[in-house]
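Have a look at the structure below, then the notes.
The values are calculated or read from the model by the stated rules, or taken from the named source; none is laboratory data. A quick note: this is a predicted structure, and the numbers were derived from the prediction, not measured. Glycine also receives a Cβ, built like all others from the backbone with ideal geometry; neighbour counts cover every protein chain displayed.
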Amino acid sequence: MDRVILIKYGELSTKKGNRNFFINTLYNNIKNKLNEYEVKISKDRARMYIEFKDQELDKIKGKIDKIFGIHKYHIAYVVDTNIDDIKSKVLEVIKDVDFKTFKVDTKRSFKEFPSDSLETSRIIGGYILKNTNNITVDVHNPELLIQIEIREKRSFIYLNDFQGSGGYPVGTQPKGFLMLSGGIDSPVAGYLAMKRGVKLEAVYFEAIPHTSLEARNKVITLTKKLASYTDSINLHVVNFTLIQEAIYKNCRGDYCITIMRRMMYRIMERIVKERNGYVIVNGESIGQVASQTLVSMSVINEVTNVPVIRPVACLDKLEIIDISKKIDTYETSILPYEDCCTVFVPKHPVINPKISIAESEENRFDYQTMIDDAVKNLNTIKITDTLEKEFSELL
């Protein structure tokens, strides 16, 4: 074993009594994501180590980049914990690196090692200067930072820093259900919820023939992209056609969006409770559209007692777009296929609705029977980031 991937926990290190739970969850998530590769994973309270085959490194890095709970990781050289072996390994590691200035940064967790961190850095730095030409030490802005971690049986040397996705491992929080529309905001909301450890399932409302098969496939693509940050995501497809048609047939036009969202929330509450969830997650952003004013959100939220998490509520559109580009959902989200929330938008939707009017309007039709039918006839598929079938083939 010459090299390992050395993983730093970051935010997980702030945990105390339940720290092992977070580390074990991260361990299991990494193990699941790397199950197709020949790796060996070990862990302690400070670090995790992945032994790998050199030819698989790039693909493994691509997986690790999308695992929440990792603050940073390094491709580290492994050496026995004695000063002579460390000195010779450092020279070997840097021999093909082009640099003029350098710094050695040592962390010594094994306190019985003969020299402390600063003294070890000075010893290694002096050895490099003695055996290398035309270089100098620069402790403030070095071209090359040589990092060394001294541990009891083996030590680690690395020259690189790779940024992880941060957050908490998915599964350290219980299940949440994402209202996944196909727009820009809801996939970003799902990503941010998973980053806080929430295990996600997704719910998509469709109204065939008013919404299209292309809109379906757009949602499956977005779900696949979100699934790359976890092991899989169950996608629940709600047939919303009859409910949406009844709303626009029986209710006043300016309240249709408000009532539609209230119906969606009623259905979401049923799904969450029947499938052992804890929260509804959605992409609502304050003031972005008529149904997302504070008054509208209050009236819509009134139909459910399930907590609603809105990760992008206080972000502006440009901030949301930046995240969507980072997680590779933006180009899919802007495909011009309408969903339930956009297909029947009235010219002048109410922005300050009243609960009494919303209740009066929706009582014009038997929505409860329709909700029962929609929940009863839910279509559910399990989606991974490697799923190849078209969405239409799965329903």
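Could you go through the stretch 96-104 and let me know if any residue there is assigned by TED's automatic domain parsing to the domain that holds PHE22 and free of Cβ contacts under 8 Å to residues at least 24 places away in the same chain. Steps first, please.
First, pick out the residues of the stretch 96-104 that are assigned by TED's automatic domain parsing to the domain that holds PHE22: 96-104.
With the extra rule that they be free of Cβ contacts under 8 Å to residues at least 24 places away in the same chain, the set shrinks to 96, 98.
Checked against the condition, which is being assigned by TED's automatic domain parsing to the domain that holds PHE22 and free of Cβ contacts under 8 Å to residues at least 24 places away in the same chain, the stretch 96-104 yields at least one hit.
Can you work out which of the residues in the stretch 340-377 that are at pLDDT 95 or above and aliphatic (A, V, I, L, M) is farthest from ILE327 (Cα to Cα)?
ILE357
Among what's in the stretch 258-276 and is more than 23 Å from LEU222 (Cβ to Cβ) and surrounded by 21 or more Cβ atoms within 10 Å (Cβ to Cβ), pick the residue that is nearest to the chain's Cα centre (by Cα).
Filtering first and then ranking leaves ARG262.
In the stretch 184-221, how many residues are small (Gly, Ala, Ser) and either in the same structural domain as MET48 (by TED's automatic domain parsing) or at pLDDT 95 or above (or both)? Working first, answer last.
Within the stretch 184-221, the subset small (Gly, Ala, Ser) is 186, 189-190, 193, 197, 202, 207, 212, 215.
After this cut, where a residue has to be either in the same structural domain as MET48 (by TED's automatic domain parsing) or at pLDDT 95 or above (or both) as well, the list is 186, 189-190, 193, 197, 202.
Matching residues across the stretch 184-221 total 6.
Would you be able to tell me the number of residues in the stretch 233-257 that are touching a residue at least 40 places away in the same chain (Cβ under 8 Å), over 19 Å from ARG275 (Cα atoms) and crowded, with 18+ Cβ neighbours inside 10 Å?
Residues in the stretch 233-257 being touching a residue at least 40 places away in the same chain (Cβ under 8 Å), over 19 Å from ARG275 (Cα atoms) and crowded, with 18+ Cβ neighbours inside 10 Å: 9 in total.
Any chance you could count how many residues in the stretch 317-346 are touching a residue at least 24 places away in the same chain (Cβ under 8 Å) and not in a helix (DSSP H, G or I)?
Counting residues in the stretch 317-346 that are touching a residue at least 24 places away in the same chain (Cβ under 8 Å) and not in a helix (DSSP H, G or I) gives 11.
Out of curiosity, is TYR73 under 19 Å from the mean Cα position of the chain (by Cα) and not assigned by TED's automatic domain parsing to the domain that holds LEU226? Lay out the reasoning, then the answer.
Numbers: under 19 Å from the mean Cα position of the chain (by Cα): yes; not assigned by TED's automatic domain parsing to the domain that holds LEU226: yes.
Yes.
Can you name every residue in the stretch 29-75 that is touching a strand residue (DSSP E or B) at 6+ places or on another chain (Cβ under 8 Å), under 20 Å from TYR229 (Cβ atoms), in a helix (DSSP H, G or I) and not β-branched (Val, Ile, Thr)?
ASN29, LYS31, LYS61
Scan the stretch 117-159 for residues that are closer than 17 Å to THR101 by Cβ, assigned to a loop (DSSP other than H, G, I, E, B) and in contact (Cβ under 8 Å) with a residue 40 or more places away in the chain and report the count. Explain how you work it out, then say what you get.
First, the residues of the stretch 117-159 that are closer than 17 Å to THR101 by Cβ: 121-122, 124-147, 159.
After this cut, where a residue has to be assigned to a loop (DSSP other than H, G, I, E, B) as well, the list is 132-135, 138-143, 159.
Narrowing further to those that are in contact (Cβ under 8 Å) with a residue 40 or more places away in the chain: 132, 141-143, 159.
Looking only at that region, the number is 5.
With respect to ASN20, is the statement that it is part of a helix (DSSP H, G or I) and within 22 Å of TYR229 (Cβ to Cβ) true?
On the way: part of a helix (DSSP H, G or I): yes; within 22 Å of TYR229 (Cβ to Cβ): no.
Spelling it out, it is not the case that ASN20 is part of a helix (DSSP H, G or I) and within 22 Å of TYR229 (Cβ to Cβ).
Of the conditions (1) in contact with a Gly (Cβ under 6 Å, 6 or more places away or on another chain); (2) under 26 Å from GLU143 (Cα atoms), PHE68 clears all except one; give me its number.
Going through (1) in contact with a Gly (Cβ under 6 Å, 6 or more places away or on another chain); (2) under 26 Å from GLU143 (Cα atoms) one by one, PHE68 breaks only (2).
Take the residues in the stretch 323-374 that are acidic (Asp, Glu) and exposed (fewer than 14 other Cβ atoms within 10 Å of the Cβ); name whichever of them is nearest to the chain's Cα centre (by Cα). Steps first, please.
Residues of the stretch 323-374 acidic (Asp, Glu): 328, 331, 338-339, 359, 361-362, 366, 372-373.
Narrowing further to those that are exposed (fewer than 14 other Cβ atoms within 10 Å of the Cβ): 328, 331, 366, 372-373.
Numbers: ASP328: 12, GLU331: 18, ASP366: 39, ASP372: 32, ASP373: 33 Å.
The selected residue is ASP328.
Is it true that ILE300 is under 25 Å from PRO174 (Cα atoms), crowded, with 21+ Cβ neighbours inside 10 Å and either touching a residue at least 40 places away in the same chain (Cβ under 8 Å) or in the same structural domain as THR211 (by TED's automatic domain parsing) (or both)? Before the answer, list the steps.
Values: under 25 Å from PRO174 (Cα atoms): yes; crowded, with 21+ Cβ neighbours inside 10 Å: yes; either touching a residue at least 40 places away in the same chain (Cβ under 8 Å) or in the same structural domain as THR211 (by TED's automatic domain parsing) (or both): yes.
The answer is yes for ILE300.
Residue under question is VAL279, and the condition is that it be among the hydrophobic types (A, V, I, L, M, F, W, C) and either at positive phi or under 18 Å from the mean Cα position of the chain (by Cα) (or both); does it hold?
Numbers: among the hydrophobic types (A, V, I, L, M, F, W, C): yes; either at positive phi or under 18 Å from the mean Cα position of the chain (by Cα) (or both): yes.
Yes, satisfied.
When only residues in the stretch 159-174 that are buried (at least 21 other Cβ atoms within 10 Å of the Cβ) and of a type in the set (Ser, Thr, Tyr) count, which is farthest from THR106 (Cα to Cα)?
THR172
Being in contact with an Asp or Glu (Cβ under 7 Å, 6 or more places away or on another chain) and outside any loop (DSSP other than H, G, I, E, B) is the filter here, so list the residues in the stretch 76-94 that pass it. Working first, answer last.
Initially, the stretch 76-94 is screened for residues in contact with an Asp or Glu (Cβ under 7 Å, 6 or more places away or on another chain), giving 77-79, 81.
Passing the criteria: TYR77, VAL78, VAL79.
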